[in-house]
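Notes follow the structure.
The values are calculated or read from the model by the stated rules, or taken from the named source; none is laboratory data. Note that the structure is predicted; figures quoted are calculated from it, not measured. With ideal geometry, Cβ positions are generated from the backbone for all residues, glycine too; neighbour counts draw on all protein chains shown. Surface accessibility is based on the protein's heavy atoms, side chains included, excluding ligands, DNA and RNA. Shrake-Rupley method; radii C 1.70, N 1.55, O 1.52, S 1.80 Å.
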Amino acid sequence: MPLTLHDQVAIVTGASSGIGYGVAKALADAGASVVINYHSEPAPAEALASQINHAGGHAIAVKADVSNESDVDRLFQASQERFGGVDIVVANSGVQKDHPFVDMPLDDWRRVLDVNLTGQFLTAQRAVREFARRGPRPVSKALGKLILMSSVHDVIPWAGHVNYAASKGGIQMMMKSLAQEVAPQRIRVNAIAPGAIKTPINRAAWETEEALERLLKLIPYGRVGEPEDIGKAAVWLASDESDYVTGTTLYVDGGMTLYPEFANNG
């Protein structure tokens, strides 16, 4: 029996490409009306919204920088004005600015933390406020569903990416603490931690045969993930099928967190 999110409304941040695009499409395919957030490139977000609308769904594209409070407020206001509120929020926006630790500019440290961690904080805070404002709806057992986008690097150290790994480690503890705080309100908070996914942000890691061979040594399951893999996980976490799940990180990684380099050294 397919999962359904009919008559529910979802906001997905950073949804103009990659994982966010895959999540927004999957939620729409499951029946949700979707607010597709983008930061600087409107064309892909608007194209996805048009595709969803032409297929009989409902979607809008909204520009917002999630590290900016007023932009996040405007994003939720757009959802309220167009769809009457929101039931599902996926805080997905993220950036990488990679440097060896000793050479990392403070501006790049701050930008990654501002988008990846503070941006998810602001998105989550507005989501909790909106769930409470709108109140319960018969379309869902929960008052609201919040999904934060983490990474396998919330547990796997990543030399040369200290700012990114620090932001994802922070997301995990923010998610757990928030889940503990709002569970009595019947708000479910979870995270998805993708492994290696074919997206523009990491194209160099899988685009050539040599790079792909190196990457696959880290993935016991033997393939690189697709955005659709994360989209399917998000649909499940947003549905009533996962109603007893909160405060959990779902690793969608083909086994990367099994530390495969230790497989023959036990």
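Under the simplified labelling scheme, the Ala204-Asn265 pair shows an inter-label distance of 2.6 nm, with each label point 7 Å from Cα along Cα→Cβ. If R₀ is 25 angstrom, what is the calculated FRET efficiency for the pair Tyr244 and Glu181, using the beta carbon separation as r and rounding to 0.05? E(calc), rounded to 0.05, equals 0.90.
Think of the range 156-266 as having a plus end and a minus end, set by charges on the Cβ of Lys, Arg, Asp and Glu; of Ala193, Tyr259, Gln172, Gln172 sits farthest toward the positive end of this dipole. Label-to-label distance for Arg214 and Val102 is 2.2 nm, based on points extended 7 Å past Cα in the beta-carbon direction.
Placing unit charges on the Cβ atoms only, positive for Lys and Arg and negative for Asp and Glu, gives the chain a dipole magnitude near 700 debye about its Cα centre. Shape class for the range 152-215, computed from the alpha carbon gyration tensor (a ≥ b ≥ c): prolate, with a/c not under 1.5 and a/b above b/c.
Rg/Rh, computed from the Cα trace of the range 45-175 with Rh as the Kirkwood radius, has the value 1.03. Take the Cα of His6, step 7 Å toward its Cβ, do the same at Leu258, and the gap between the two points is 3.8 nm. Just list whichever of Lys25/Lys217; Lys145/Lys176; Lys97/Lys232 have alpha carbons separated by over 20 Å in the model shown. Flagged as over cut-off: Lys25/Lys217; Lys97/Lys232. Only DSSP H runs of four or more residues enter the estimate; each adds -39500 (n - 2.57), and after division by the residues of the chain the mean residue ellipticity at 222 nm equals -12500 deg cm²/dmol. When every Cα-Cα distance of the chain is counted in 5 angstrom steps from zero, the calculated P(r) takes the values 1, 6, 13, 18, 20, 17, 12, 7, 4, 1, 0, 0 percent. Placing unit charges on each Cβ (+1 for Lys and Arg, -1 for Asp and Glu) gives the range 31-133 a dipole about its Cα centre, and among Leu122, Gln77, Ile36 the Cα reaching farthest toward its positive end belongs to Gln77.
When a 1.4 Å probe is rolled over the protein heavy atoms, the share of accessible surface on the chain that falls to carbon and sulfur comes to 54 percent. Distance between the C-alpha centres of the range 205-256 and the range 121-163: 18 Å, rounded to the whole angstrom.
Ranked by the mean number of other Cβ atoms within 10 Å of their residues, highest first, the peptides 200-207, 156-163 come out as 156-163, 200-207. When the chain is modelled as a GNM with alpha-carbon springs shorter than 10 Å, which of Glu241, Glu209, Glu228 fluctuates the most? Per the Cα network of the chain with a 10 Å cutoff, Glu209 tops the list.
Principal axis extents of the Cα atoms in the range 109-266, from largest to smallest and rounded to whole angstrom, are 52, 36, 33. Full extension of the chain between Ile156 and Asn53 yields a length gain of 33.1 nm, computed as 0.36 nm times the residue separation minus the alpha carbon distance. Accessible area per residue for the range 21-104 is 45 Å², calculated with a 1.4 Å probe on protein heavy atoms, without ligands, DNA or RNA.
When you count the other C-beta atoms within 10 angstrom of each residue and take the mean per peptide, 75-82, 230-237 line up highest first as 230-237, 75-82.
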